Amino acid sequence: MSSNTTGRTTVLEASELDFTYRAGFSLFASRREGHHAVRGVSLTLGQGETLGLLGESGCGKSTLSALLCGDRRPDSGAMRLFSEPFDNFLKPSRRRLARVLQVVAQDTLGAFDPRQTIGRQITEVLAIHSIGQRSEYRDRAIEALRAVALPSSMLDRYPHQISGGQRQRAAIARALVTEPKILLCDEPVSALDVSVQAQVLNLLLDLQQQRGLSILFISHDVRVVRHVSHRVAVMQMGRVVETGPTEQVFSSPANPYTAKLLAAVPKGRRRSNPAGANAAPRILGENAAC
Ligand SMILES: Nc1ncnc2c1ncn2[C@@H]1O[C@H](COP(=O)(O)OP(=O)(O)OP(=O)(O)O)[C@@H](O)[C@H]1O
Ligand SMILES: [Mg+2]
């Protein structure tokens, strides 16, 4: 497998992706013309790496994520997973993709079915993708919950019966149950208050250390991206305008848009990282331990 600029093995690679939302009927001219949401985007994600994807609202981050997880098909461009054409993982079903790549979304209440328990929804993933034996499902679900520091009693709760932070962790558990290699996290902590954000971020960083997970971390929160990412990519109006190691981009942004985006937030202290430049740092918040 090839390596990216950080010397890590590339697990996910996108080249020149383009995507336009087709026009629907609308009184507004711009909608009649469709919306070119992703424009010539190329990026790589390395093994065990967190790539932060920054950009203001509407710049195309979630659309890019939808392309990278196969929910939407690019109009042009190519994607490779573990050096194989991406489409190999979609045929004859998405099972192969689900085993290596999972998504954690911002809206966990929307992502869970309100009529089914958390346990049912975790084990359903195993059933849909034919992973393991039915007799193991419960144990595997408990193990996934344990990995995100939730008790097995959560299995019998409905999504509205747990807190936002617990639900976000349950969403991560559901994503982990297939033992994926890659997580696409789209604003995974934006809906949470600051101390719970810290818990969930530390959890993701711990899981990355333990499992060598590769994470695409999408956020409009510049400080959070700086804390968790080894490298960052900055998007503006559908294009990636800058990529580079986090500290390099933050200390000397090459693109004027990046400089403006980074200047828009108060300067925060970045915690030095005793594990070395290649390891993502921990976030400290109130009750930061999971
Ligand atoms: N289903 C859709 N149909 C038409 N246009 C869409 C659709 N979904 C998103 N768009 C448009 O595509 C552009 C990119 O949207 P996207 O959701 O990818 O942005 P984003 O960077 O994730 O924003 P945010 O930070 O607010 O989540 C926006 O202009 C949006 O209005
Ligand atoms: Mg979005």
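Per-residue answers, yes or no, for (1) β-branched (V, I, T); (2) within 23 Å of V224 (Cα to Cα):
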residue	(1), (2)
V103	yes, yes
D107	no, yes
P114	no, no
E124	no, no
H129	no, no
A147	no, yes
A170	no, yes
K181	no, yes
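Which of the following residues is in contact (Cβ under 8 Å) with a residue 12 or more places away in the chain and touching a Ser or Thr at 6+ places or on another chain (Cβ under 9 Å): S195, S214?
Details: S195 fails: touching a Ser or Thr at 6+ places or on another chain (Cβ under 9 Å).
Answer to the check: S214.
Report, by residue number, each residue of the stretch 19-44 that is modelled with pLDDT of 90 or more and either within 16 Å of ligand 2 (Cβ to nearest atom) or closer than 14 Å to G238 by Cβ (or both).
Once the filter is applied, which keeps residues that are modelled with pLDDT of 90 or more and either within 16 Å of ligand 2 (Cβ to nearest atom) or closer than 14 Å to G238 by Cβ (or both), the stretch 19-44 yields F19, T20, Y21, H35, H36, A37, V38, R39, G40, V41, S42, L43.
For the structure I just gave you, tell me whether L101 is within 16 Å of ligand 1 (Cβ to nearest atom), touching a Pro at 6+ places or on another chain (Cβ under 7 Å) and not charged (D, E, K, R).
Judged against the criteria, L101 is not a match.
Filter the stretch 229-264 down to residues that are within 13 Å of ligand 1 (Cβ to nearest atom) and surrounded by 22 or more Cβ atoms within 10 Å (Cβ to Cβ) and give me whichever is modelled with the lowest pLDDT. First the steps, then the outcome.
From the stretch 229-264, those within 13 Å of ligand 1 (Cβ to nearest atom) are 233-240, 261; that's our starting set.
The next check asks that each one be surrounded by 22 or more Cβ atoms within 10 Å (Cβ to Cβ); those that pass are 233-235, 238, 240, 261.
On the way: A233: 97, V234: 97, M235: 97, G238: 98, V240: 98, L261: 92.
Looking at residues that are within 13 Å of ligand 1 (Cβ to nearest atom) and surrounded by 22 or more Cβ atoms within 10 Å (Cβ to Cβ), I get L261.
Which one is nearest to ligand 2 (Cβ to nearest atom) among residues in the stretch 55-106 that are among the charged types (D, E, K, R) and assigned to a loop (DSSP other than H, G, I, E, B)? Walk me through it before giving the result.
Taking the stretch 55-106 first, the residues among the charged types (D, E, K, R) are 56, 61, 71-73, 75, 80, 84, 87, 91, 94-96, 99.
Filter again for assigned to a loop (DSSP other than H, G, I, E, B), leaving 56, 71-73, 75, 91, 94.
Details: E56: 10, D71: 13, R72: 13, R73: 19, D75: 19, K91: 28, R94: 22 Å.
Among those that are among the charged types (D, E, K, R) and assigned to a loop (DSSP other than H, G, I, E, B), it is E56.
Do we have R226 as within 26 Å of I118 (Cα to Cα), of a type in the set (D, E, K, R), part of a helix (DSSP H, G or I) and at pLDDT below 95 here?
Numbers: within 26 Å of I118 (Cα to Cα): no; of a type in the set (D, E, K, R): yes; part of a helix (DSSP H, G or I): yes; at pLDDT below 95: yes.
So R226 fails the test.
Can you tell me which residue within the stretch 80-112, out of those that are of a type in the set (D, E) and at pLDDT 95 or above, is surrounded by the most Cβ atoms within 10 Å (Cβ to Cβ)?
Our first condition is that a residue be of a type in the set (D, E); within the stretch 80-112, this holds for 84, 87, 107.
From the residues that got through so far, the ones that are at pLDDT 95 or above too are 84, 87.
Details: E84: 11, D87: 14.
This residue is D87.
Just for the stretch 45-54: of the residues that are of a type outside the set (G, A, S) and in a loop (DSSP other than H, G, I, E, B), which one is nearest to ligand 2 (Cβ to nearest atom)? It would help to see each step written out before you state the result.
Going residue by residue through the stretch 45-54, those that are of a type outside the set (G, A, S) are 45, 47, 49-51, 53-54.
Still in the list and also in a loop (DSSP other than H, G, I, E, B): 47, 49.
Working: Q47: 25, E49: 21 Å.
The qualifying residue nearest to ligand 2 (Cβ to nearest atom) is E49.
Any residue in the stretch 235-253 that's under 16 Å from F217 (Cα atoms): show its pairings with residues that are within 16 Å of ligand 2 (Cβ to nearest atom) and acidic (D, E) at Cβ separation under 9 Å, as long as the two are six or more apart or on different chains.
M235/E56
Of (1) touching a helix residue (DSSP H, G or I) at 6+ places or on another chain (Cβ under 8 Å); (2) touching a residue at least 24 places away in the same chain (Cβ under 8 Å); (3) not hydrophobic (A, V, I, L, M, F, W, C), G132 satisfies all except one. Which?
(2)
Quick check on the stretch 41-85: of everything there that is more than 16 Å from ligand 1 (Cβ to nearest atom) and within 15 Å of the chain's Cα centre (by Cα), which residue is nearest to H220 (Cα to Cα)?
T50
Output yes when any residue across the stretch 45-57 is at pLDDT below 95, out of contact with any strand residue (DSSP E or B) (no Cβ under 9 Å at 6 or more places or on another chain) and surrounded by fewer than 19 Cβ atoms within 10 Å (Cβ to Cβ), and no when none is.
yes
So if I check each of L203, L184, L192, which one is within 13 Å of the chain's Cα centre (by Cα) and among the hydrophobic types (A, V, I, L, M, F, W, C)? So that I can check it myself, show each step before the final result.
Details: L203 fails: within 13 Å of the chain's Cα centre (by Cα); L192 fails: within 13 Å of the chain's Cα centre (by Cα).
From the options L203, L184, L192, the qualifying one is L184.
The values are calculated or read from the model by the stated rules, or taken from the named source; none is laboratory data. All values reported here derive from a predicted model rather than from experimental measurement. Glycine also receives a Cβ, built like all others from the backbone with ideal geometry; neighbour counts cover every protein chain displayed.
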